[in-house]
Structures are given as C-alpha cells and as structure tokens.
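Worksheet: the structure to be examined is printed underneath.
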Amino acid sequence: MSRKMTGAKMIVEALKDQGVDTVFGYPGGAVLPIYDEIFQQNDIKHILVRHEQGAVHMAEGYARSTGKPGVVLVTSGPGATNAVTGLTDALLDSIPLIVLSGQVPTFLVGTDGFQEADTVGITRPCTKHNWLVKDTEKLAQTIHQAFHVATTGRPGPVLVDIPKDVQFAEAEYVGPKQIPASPYQPKKKGDLDAITQLVELMERAERPIFYTGGGVINSGPAASQLLREIVDATGFPITSTLMGLGAYPASGKNWLGMLGMHGMYEANLAMHGCDLMIAVGARFDDRITGRVADFSPGSIKVQIDIDPSSINKVIHVDLPIQADVGHVLEDMLKIWKSRGRKTNSAAVQKWWAQIEQWKATNCLAYTNSDTIIKPQHALQRLEALTKDRDRYIATEVGQHQMWAAQFLHFEDPNRWMTSGGLGTMGYGLPASVGVQVAHPDALVINVAGDASWLMNMQEMGTAVQFRAPVKQFILNNERLGMVRQWQQLLHGERYSQSWSDSLPDFVKLAEAFGCKGRQVSDPAELDDAIREMIEYDGPFILDVLVEKHENCFPMIPSGKPHNEMLLSPEAGAFTGGGALV
Amino acid sequence: MVLNIKQGASSHSAYDLRDPNAQIEERHTLAVLVENEPGVLARVIGLFSGRGYNIDSLTVAETDHEGHRSRITIVTRGTPSVIEQIKAQLGRIVPVHDVHDLTAEGPSVERELGLFKVGGTGEHRVEALRIAEIFRANVVDSTLKSFVFEITGTPEKLDAFADLMRPLGLSDQARTGVAALARGA
C-alpha cells in the first residue's frame, strides 16, 4: 500500500504512530496546512492555548505528570520565539518535549519574509537538538527521530522547523519502525566494577547520605521503587533536590526533606557532615551546593548520572557512574544483597542520633496568627485538606514555591511540577492545565504567588474552554516576595520595584474568565475556602491574602556554605555547629 | 574512609582521575567526528561561546563523503577539569559521533598550513628566500617587490617563520588552523 501523502498529513500520521493523544498549540499562517489536517481527524486532541509560552509549559506539565513526551505546535516567527522560554525551561529541567514550528516556505527562507525568524538558530542553544526539514521525503523520519532524541538518554526538548511548502508537498510516509536505527544511543547500563565499589563504600560508610534528584523521576517509576527499596533496606538517610521530590515518600522514615538554599536544616547539615554522598540523578546545582569550596568537605562523593557532562561539572566526584539511574539502582541492590546486605549499622545509628539532634531545631517554625493568614499556615492547611486525594501540585516561582516544597508532602513521583533550573515565573498556571488535561479526574492545584500568576494568566481562558478544573491557590502578599526578602536581608531594606501595585481583583477576574473565585483573609475562614475550591466543579481562583513581609527560612544566602544557614527567629536554638541562628 | 579506585575502573575516557584542583591551563587538540549536517559547526562553536570556553584554532572539512562525516579539529585551552567538561559537552551534541583528545590519548601529529606575504627588495629579499629554504617553504607567488610563501608545519614552526619574516617585510599572513591525527595504526 502506497502511503503517499502531504507533509501536513504526514505530521499528524507520525504523531499518531508515536502514540500522541494531545497537542498544545496555536495556529498561524505557516502551520495552516497542519491545522487543516488536525481538523479532519479525531485521534489527537488539540488544546488551543492563549500564548505559545503557555503551550510549552502545558506540555511540560503533561510530560512531567505522565512520563510521556509533551507535544507543541506553533507557527513561524513570533509563534516560535514565544516558545523559547518554555524550551529553555524544559532543557534545564530535562523534560522531553517535541515542538513543531511552522516556517515560511523554503523559497522565502532568508529573505526576511513575513513572520520569518531563524527558528533553528534561535532555539539551537535551548533545545537538546533541532532540525529544519527542507524536503517532505525526510519529514516523517525526522519527526520519529525527534521523539527518539527527546526521550532517550537525558530527556530534553527538541524542535522541528517545517516550512510551509514542505507541508503542502507530497511524499511517501514512513512509520517509526521503517526508519534506520538512530546513531544516537546513549548507554544505559552502569559499569559493574564501579557499582561494586559503590557497594563497598556503602558497607563501610559511617555517615552516608543519599542525595537524589530529578533524574530518578525521569528514569521512570521503577527507579523510584528501587530507590525506596534500597533506602529502606540500608537505613541510610535521604534528601532530595526540588526536582526530585516524590521519588522517595515524604512519609518514609529515612526522609530528611529537601536540601539546598531553602532546604531543611537537617538535610543541609547532613550533606555537610556526611562521609559518603551518593548522588543519584542530581547535578550539584548552585542552589544545592552553596559555596563550592566548602561543599561537604569530608565526604567521598559518588555520582550516578546518565549525562557525562553532569559529572564533575561543578563538584569533583570520587566515583562517577555514567548510566541510567534505574539500571544502576537495580544492579546496586543486587550486588549489595548478594554480598550479605552489610552496613556499618553501629556508626549509622550514631549518625542518625546526630541528625535527630539537628531535626530538633525545627527549622520550619514560624509564628502563626489569628488575625492574618501566614503563607506557611495556608500551605499546611492545603496539605491537610488534600493529602488523601489523587493530587498533583504545580507551582510558580518564588517564596510560595519554596514553602510549597517545604510544607506539601509528596508520596509519589510525577506529582510535583515546578520550574527548578530556569525559575520561570508564569510556569505554574499553564503547567497545571497540562497536568489536568492528562489527568482529567485528578485534583490539580497550582500554588502561586500574585506576581508569578499574572505572567501567564491568559491561560485561564484555556482552562475554562477545555473544562480543566484547575485550582489556582494564590498566596497573595502584594509583593514579589522572594525579591523583597533578598532586598531586606541583602540590600539594606531598599525595596526597589518589588511590590505589586494595581493588582487585579482576582475574584472578578475569575468571573471575567467564566470560572469562580473567592478571596480569603481571615484565618478562621481558610479551611472553608480551601474546601470550596476543592469541591467546585470547574477552574477556581482562591486569592489568599497572606502576611506581606513573611520571609522564607531556612535560607543559605548565595555564596555561603551549608553550615552557615539563616534560620527563622522561631527555630530552636542550634546545638552543635556554627550556623547563624 | 579511603577510596580505592583503580584507574580506568569506569571505562569512560572522560573520567580519568587527574588532579581536579590543578589550576594550570593545558592546551589540548580535540578531534570531533560529526555527522555532516547543516548547523553542526554552529552547534560546536555555540557550545564554546555559550559556556565560555576558548578556541585557539578550528578547522573543519568533510572527511567521508559517503558516510556524511566531517572532522572538526579544535585546539583549546583550559584547566584539566575544564578540558574534561568540554569533551563531555561536545559528546552530548546529538550529531557528534566521537570526541578524541589527541593530546591525552597518545602521540599525534599536528600540521598547519600558512601563507605569508613578504614585501621588500635587495638584501631583505634574498634573506627572505634563504630563510624560506631553511624552513622548506615554497614560493607560490612572486612579484618584483614581494613573495607569497606557503609553509606547512606545526603551529610553532609557523610562528617561528613569521617571527623571522617580520623584520624582512612580512605584511600579511593567512593560516588554516591545526589539522591533527593520532600516530600509529
């Protein structure tokens, strides 16, 4: 059977063959042939966004919550440039995306044609790889290749730029199985000698710690399962980056909480004082390490990562294992068991006693109030009232994001969508829509700040149109809270441009979008307001007026080492180190 | 706790455990074998500019027409950890098939071709020709007032030639950058 068809039809065919059920996009001149094909089929659902940046963040939310790649369709020129922030976000957080962009016809390329941009040039540094397809014969093959590259090895976003005449022209369609194997095949299995050495280190370690990251979640649910098994069997403490929350359950007995700039006191001090650090799918970001020269000075560092460029990039590691996290954890568990499940349990017990001492500091302590809602309290109530549900959390970027990471507890992977590497304000609302599209019956909440939320608020229209009942939980302090906090602590209390003047009335805004809103400022009404938000059958904006000058603690000021954390005045006096109280 | 790692235990070339804290800059010649597709050179150069690495010289040409392969030879400079990171980052580029560190992997030969225009008359002209002969440079263009010399050799040899020609009227030079191959089979 000849499968000759237009390039536009080929694109839809290729997406179907790749198992795509949802595309987030926005039409325009250079993608009209593709939109014409989308109109004539029912297998792929198209979510019409309000801005292309929203489309990419939605695809990220979709991808993070399902483990499948997200697919985006945008037009040439401004359509593609609007996607750049989302692409960069996905690159830094290793999220698999396939962005298809229209381009002016090949005979206009290079002439500064209408809505022409050098999309491949612009997106080269913010994609894992990209392609400009000049020939319809190569189109289907390139799209299949794009899925392979996006999802293989360390995942990431890719872009395929498709000129309009390539969409109109006809050629033979090839399916994913008919194309030659891609030369891009990163290795998955870890070196067994190195893994055995790691096991030897684990058997001897006196103060071990697992430091895990987004790589565990990217590796798939099996990796999280293996991690749980190995952590519980060895009894070693475990901390995680912002990106890795949920890989090990927050209710697990070995859980120390998140580490890093706003991480838990006990987690950071344990990282500082450990003698064996096992980094699993984590990349020693500057928000994790603090001052590099003073990072965990006395430890042997082992790093498991699929990306060789992540190893030894920031911190020199003593034992690198380049491989897929899941494969290594499996081998590690097998070898450790076969050697008799040994640990230096007496020493590890002592280590735990030390950690318990640090825990007693109660680093998340804050003074609650009867008259004003404290943001920490709002999140504690949100946690209490939603933890038993099938719950997905997205966040924007700032203080609320850190409080959410501290006060919401994740029991499973793929339940936490946040912009970690790039720190993109405006990520959360569209991401929550993407999650909800993938999980129509789940409770999807975007924990937001007022300033971040405004950055992509147009996507409420998308939520309403597609009946995505996302809950927008806005901690409204009428400030750019994290900026204000840094100005207070590090810039002599000069609050330059960090307040939100002329904020909209979020309740009226909700009504204007055709959904429901409520404002709450009395702590006594908070539970009721959260319940109304959860129970409402549709998108909901809850405008929580919170304390305006609350600071997010603990905090390691940038450039300081782990043992020089700032603690809130409420946290207990510290015993046993040089931290600033 | 003492870590007992045998060298090369994890058989990846990027991880030879040199002193990570060495701050001495090294000069390395890298051979990068790439798929000859549009934009591949831009990806490699963009990596160097985007991450702040140095390029001393760069050459690129197709080396296998049938196999669509090109060879990019880059001479770069950095501390050992920066060199390792450059290699790992290059290896991460999708159309890059292989990265060889010719400086670290054993003996290699390096050659560069240079064209040097030297103007002058009388004794200077004779002296220029004499030196060219010592360096085995060829005259590829001649007028009554100038020569263009073609010379092949290591970058150091070309530097030495240029230094000698400068007082004799060196007015222009064009150099290809380094091409390099590992020695032996």
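Here are the numbers for the structure shown:
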| quantity | calculated |
| --- | --- |
| Hits in region A:458-483 (condition: part of a strand (DSSP E or B) and among the hydrophobic types (A, V, I, L, M, F, W, C)) | A:473, A:474, A:475 |
| Flag if residue B:94 is crowded, with 16+ Cβ neighbours inside 10 Å, over 14 Å from the mean Cα position of the chain (by Cα), among the aliphatic types (A, V, I, L, M) and closer than 30 Å to residue A:305 by Cβ | yes |
| Residue check for residue A:28: in contact with a Ser or Thr (Cβ under 8 Å, 6 or more places away or on another chain) and of a type in the set (Gly, Ala, Ser) | yes |
| Unmet requirement for residue A:308, which otherwise passes all of (1) surrounded by 18 or more Cβ atoms within 10 Å (Cβ to Cβ); (2) in contact (Cβ under 8 Å) with a residue 40 or more places away in the chain | (2) |
| Some residue of region A:332-345 being touching a Leu at 6+ places or on another chain (Cβ under 7 Å) and either within 14 Å of chain B (Cβ to nearest Cβ) or surrounded by 15 or more Cβ atoms within 10 Å (Cβ to Cβ) (or both) | yes |
| Criterion (within 23 Å of the chain's Cα centre (by Cα) and of a type in the set (Gly, Ala, Ser)) met by exactly one of A:54, A:79, A:28 | A:54 |
| Of residues in region A:537-581 being under 23 Å from residue A:475 (Cβ atoms) and among the aromatic types (Phe, Trp, Tyr), the one modelled with the highest pLDDT | A:540 |
| Condition met for residue A:224 (of a type in the set (Ser, Thr, Tyr), assigned to a helix (DSSP H, G or I) and either over 24 Å from residue A:556 (Cβ atoms) or more than 14 Å from every other protein chain (Cβ to nearest Cβ) (or both)) | yes |
| Candidate set: region A:360-393, residues that are part of a loop (DSSP other than H, G, I, E, B) and basic (Lys, Arg); chosen: the one nearest to residue A:263 (Cα to Cα) | A:374 |
| Number of positions in region A:445-503 that are surrounded by fewer than 20 Cβ atoms within 10 Å (Cβ to Cβ) and basic (Lys, Arg) | 2 |
| Tally, over region A:248-257, of residues that are surrounded by 23 or more Cβ atoms within 10 Å (Cβ to Cβ) and more than 22 Å from residue A:298 (Cβ to Cβ) | 1 |
| Residue under evaluation residue A:413, criteria (1) part of a loop (DSSP other than H, G, I, E, B); (2) within 23 Å of residue A:270 (Cβ to Cβ); (3) more than 19 Å from the chain's Cα centre (by Cα), criterion not met | (3) |
| Identity of the residue in region B:104-131, of a type in the set (A, V, I, L, M, F, W, C) and over 30 Å from residue B:72 (Cα atoms), that ends up surrounded by the most Cβ atoms within 10 Å (Cβ to Cβ) | B:118 |
| Residues that are in a helix (DSSP H, G or I), free of Cβ contacts under 8 Å to residues at least 60 places away in the same chain and either more than 10 Å from chain B (Cβ to nearest Cβ) or in contact with a Gly (Cβ under 6 Å, 6 or more places away or on another chain) (or both), drawn from region A:127-147 | A:137, A:138, A:141, A:142, A:146 |
| Of residues in region A:60-109 being in a helix (DSSP H, G or I) and touching a Lys or Arg at 6+ places or on another chain (Cβ under 8 Å), the one surrounded by the fewest Cβ atoms within 10 Å (Cβ to Cβ) | A:106 |
| Residue ranges of strands (runs of 3 or more DSSP E) in region B:24-141 with at least 1 members closer than 27 Å to residue B:173 by Cα, in contact with a strand residue (DSSP E or B) (Cβ under 9 Å, 6 or more places away or on another chain) and within 11 Å of chain A (Cβ to nearest Cβ) | none |
| Residues within region B:28-65 that are of a type in the set (S, T, N, Q), in contact (Cβ under 8 Å) with a residue 40 or more places away in the chain and touching a Gly at 6+ places or on another chain (Cβ under 7 Å), tallied | 2 |
| Region A:110-121 - residue that is within 14 Å of chain B (Cβ to nearest Cβ) and buried (at least 18 other Cβ atoms within 10 Å of the Cβ) and, of those, farthest from residue A:27 (Cα to Cα) | A:120 |
| Number of the condition not met by residue A:188 [criteria: (1) under 25 Å from residue A:337 (Cα atoms); (2) crowded, with 17+ Cβ neighbours inside 10 Å] | (2) |
| One residue from A:181, A:205, A:169 being surrounded by fewer than 21 Cβ atoms within 10 Å (Cβ to Cβ), touching a residue at least 60 places away in the same chain (Cβ under 8 Å) and of a type in the set (A, V, I, L, M) | A:169 |
| Subset of region A:307-328 (residues that are more than 9 Å from chain B (Cβ to nearest Cβ), of a type in the set (Asp, Glu) and farther than 21 Å from residue A:220 by Cα) | none |
| Residues that are surrounded by 15 or more Cβ atoms within 10 Å (Cβ to Cβ) and out of contact with any helix residue (DSSP H, G or I) (no Cβ under 6 Å at 6 or more places or on another chain), drawn from region B:132-146 | B:132, B:137, B:146 |
| Check on residue A:152, in contact with a strand residue (DSSP E or B) (Cβ under 7 Å, 6 or more places away or on another chain) and of a type outside the set (A, V, I, L, M) | no |
| Candidate set from region A:181-196 (those that are among the polar types (S, T, N, Q) and part of a loop (DSSP other than H, G, I, E, B)); member that is farthest from the other protein chains (Cβ to nearest Cβ) | A:185 |
| Residue check for residue A:378: of a type in the set (Gly, Ala, Ser), within 30 Å of residue A:273 (Cβ to Cβ) and at pLDDT 95 or above | no |
| Any hit, region A:159-166, residues being in a loop (DSSP other than H, G, I, E, B) and either within 14 Å of chain B (Cβ to nearest Cβ) or surrounded by fewer than 24 Cβ atoms within 10 Å (Cβ to Cβ) (or both) | no |
| Any chance residue A:534 is crowded, with 20+ Cβ neighbours inside 10 Å and either in a loop (DSSP other than H, G, I, E, B) or within 25 Å of the chain's Cα centre (by Cα) (or both) | no |
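The values are calculated or read from the model by the stated rules, or taken from the named source; none is laboratory data. Remember, predicted model here, so these are calculated numbers, not experimental data. Note that each Cβ is placed from the backbone with ideal geometry, even for glycine, and that neighbours are counted across all protein chains shown.
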